[in-house]
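Each value in this text was obtained by applying a stated rule to the coordinates, not by laboratory testing. Since we're looking at a predicted model, the values are computed, not measured. We place every Cβ from the backbone using ideal geometry, glycine too, and count neighbours over all the protein chains shown.
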2 protein chains.
Amino acid sequence: MDRKLLHELIEDYTSAMNEVNRRISAIMNDRVHEELTGDQFLTMRYIQKNEPCTSSDIANEFGIVKSAVTAQVNRLYEKGLIERDRDSDDRRIVYLRLTTEGKTLMKEGTDKLYEVLGEILSNFDKEEMTFFIWQLQKLARILKENG
Amino acid sequence: MDRKLLHELIEDYTSAMNEVNRRISAIMNDRVHEELTGDQFLTMRYIQKNEPCTSSDIANEFGIVKSAVTAQVNRLYEKGLIERDRDSDDRRIVYLRLTTEGKTLMKEGTDKLYEVLGEILSNFDKEEMTFFIWQLQKLARILKENG
DNA sequence: TTTAAATAGTTCTATTGTAGAACTATTCAC
DNA sequence: GTGAATAGTTCTACAATAGAACTATTTAAA
C-alpha cells in the first residue's frame with residue numbers, strides 16, 4: 001500500500017480509537033458504574049465471569065503485575081464487594097469471589113451496561129455490528145501474535 | 001434485534017475492545033514511546049499537531065480537568081520537552097509548544113508508530129481497513145451525540 | 001470608571017493504578 | 001531433605017486524576 005495513504009489511515013485509526021475510548025469511558029463512568037472506577041468494574045466483571053479466580057489470573061488477564069492486583073483487590077475487599085479464601089489443598093492460592101453485595105452491584109452494572117451500550121449499538125444494523133466486532137477480534141488476534 | 005443476541009454482541013464487543021486496548025498500549029509502551037508514558041505521548045502528539053495550544057485545549061480534548069493537565073504539563077516541562085509562554089495581549093493564556101528536543105523525540109515516536117502500526121495493519125487490505133475506520137468514526141460520532 | 005463576574009491557569013490534597021524489589025508461606029522436584 | 005519454583009503481600013515511588021481554593025487577568029455591567 002502507498003506509504004502516505006497508510007500513514008493517513010494510521011492517523012485516522014488512532015484518533016478515532018482514542019475518541020471512542022475516551023467517550024466510552026466517560027459514559028461508563030456517568031451511567032454504568034457510579035460506585036466503581038472503570039478498572040474496578042473490569043476487575044469485578046472478570047471475577048463475576050471466572051469465579052472463583054486468583055490474583056494471578058487477573059494479573060495475567062489485564063497484563064499487570066501481581067502487586068498491582070493486590071492493591072486493587074484490597075480496595076474492593078474493603079468495600080465489601082469480594083471475599084477471599086485459601087485453597088485447602090494448596091494454601092498458597094487465594095480464591096476470589098463476589099460477595100452478595102458484589103453480585104448485586106454487578107447485576108445492576110451489567111443491566112445498565114446492556115441498556116447503555118444497547119442504545120448506542122442500535123445505531124448499527126446486525127450485519128454491520130457483527131462485521132465490526134469480527135474485525136476487532138481479528139485485530140486482537142493479530143496483536144496477540146505480534147506482541 | 002433479539003435481546004439475547006444483542007447482549008452477546010455487547011459481550012463480544014467489550015471483550016474484543018478491551019483486549020485490543022490492552023495489547024495496543026503494551027506494544028506502544030515497548031516499541032513506540034520508551035521515554036514517555038502512554039498519556040504523555042498522547043499529550044505530546046496533541047501539542048505537536050495543534051501548536052501552539054493551551055492547557056484548556058488539552059483538558060477539553062482529553063476530557064480531564066485543568067489541574068490534571070497542569071500536573072502532566074509540568075512533568076513534560078521538567079523533561080525539557082515543551083515550553084510555555086504567555087500571550088502578550090491576554091496574559092492569562094499560556095501557549096504550549098514542543099522544544100527542539102520535544103520535536104526530535106516526537107519525530108522518532110511518530111516514525112516508530114507508523115512502522116509498528118503499519119506492520120500490524122498490513123494484515124488488513126485497504127478496503128477492510130477503510131471500512132473498519134469508517135465504523136470507528138461512526139461509533140465516535142454516535143458517542144459524541146449520546147454523551 | 002469602578003466593581004463584579006468570568007476566564008486561564010496553578011497549587012494543594014487525596015485517591016487510584018501501576019511497577020519493581022524484597023519478602024513470607026507453601027509446594028514441588030530431585 | 002534441601003533448593004527451586006510458585007502465590008501472594010508489603011513497601012516504596014511515581015503518574016494520572018478530581019476537586020476545592022487560590023492568583024492573575026480580562027470582560028461586562030452599573
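Structure values in brief
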| item | result |
| --- | --- |
| Spatial separation of Cα centroids for region A:73-146 and region B:34-104, in angstrom | 35 |
| Qualifying lysines (Cα of each under 28 Å from Cα of A:K138; at least 8 residues distant if same chain) | A:K4, A:K49, A:K112, A:K126, B:K4, B:K112, B:K126, B:K138, B:K144 |
| Selected from B:M28, B:M17, B:M106 as most flexible by GNM, with chain B as the system and alpha-carbon contacts under 10 Å | B:M17 |
| Cα gyration tensor, region B:53-110 - rounded (a/c under 1.5), prolate or oblate | oblate |
| Using θ = phi - 60° and Karplus 6.51 cos²θ - 1.76 cosθ + 1.60, couplings along region B:54-63 (whole Hz; Gly, Pro as x) | 10, 4, 5, 4, 5, 4, 5, 4, 9, x |
| Cα gyration tensor shape for region B:64-147, rounded if a/c is under 1.5, else prolate or oblate | oblate |
| Under 5 Å, built H, 5+ apart or other chain: amide partners of B:I93 | B:D87 |
| Residues in region A:1-39 that a label on B:E115 would reach, taking backbone N under 18 Å of a point 7 Å out along Cα→Cβ | A:3-4, A:6-8, A:10-11 |
| For B:D111, label point 7 Å along C-beta direction: distances to other copies, nm | 5.6 |
| Low-density loop positions, trypsin sites (Lys or Arg not before Pro), region A:34-111 - DSSP coil, at most 14 other Cβ in 10 Å | A:R91, A:R92 |
| Whole-Hz ³J(HN,Hα) from phi, Karplus 6.51 cos²θ - 1.76 cosθ + 1.60, for region B:114-119, glycine and proline x | 4, 5, 5, 5, x, 4 |
| Calculated over region B:91-135: convex hull of Cα atoms, volume per residue (Å³) | 105 |
| Degrees separating the helix B:66-78 axis from the principal Cα axis of chain B, which is the longest one | 60 |
| Percent RCO, i.e. relative contact order, over region A:1-145, from Cα pairs under 8 Å lying at least 6 residues apart | 21 |
| Check: region B:11-147 dipole with +1 on Lys, Arg Cβ and -1 on Asp, Glu Cβ, in debye | 440 |
| Computed [θ] at 222 nm, deg cm²/dmol, chain B (DSSP H ≥ 4; -39,500 (n - 2.57); rounded to nearest 500) | -24500 deg cm²/dmol |
| Neighbourhood charge, 14 Å Cβ-Cβ cut-off, centred on A:V69 and excluding it, Lys, Arg +1 and Asp, Glu -1 | 0 |
| At most 13 other Cβ within 10 Å, DSSP loop - GluC sites (Glu not before Pro), region B:7-104 | B:E34, B:E35 |
| Amide proton proximity set for A:I82, modelled H, under 5 Å, gap of 5+ | A:Y77, A:T99 |
| Within the protein assembly as shown: Cβ-based charge dipole about Cα centre, in debye rounded to nearest 20 (Lys, Arg +1; Asp, Glu -1) | 540 |
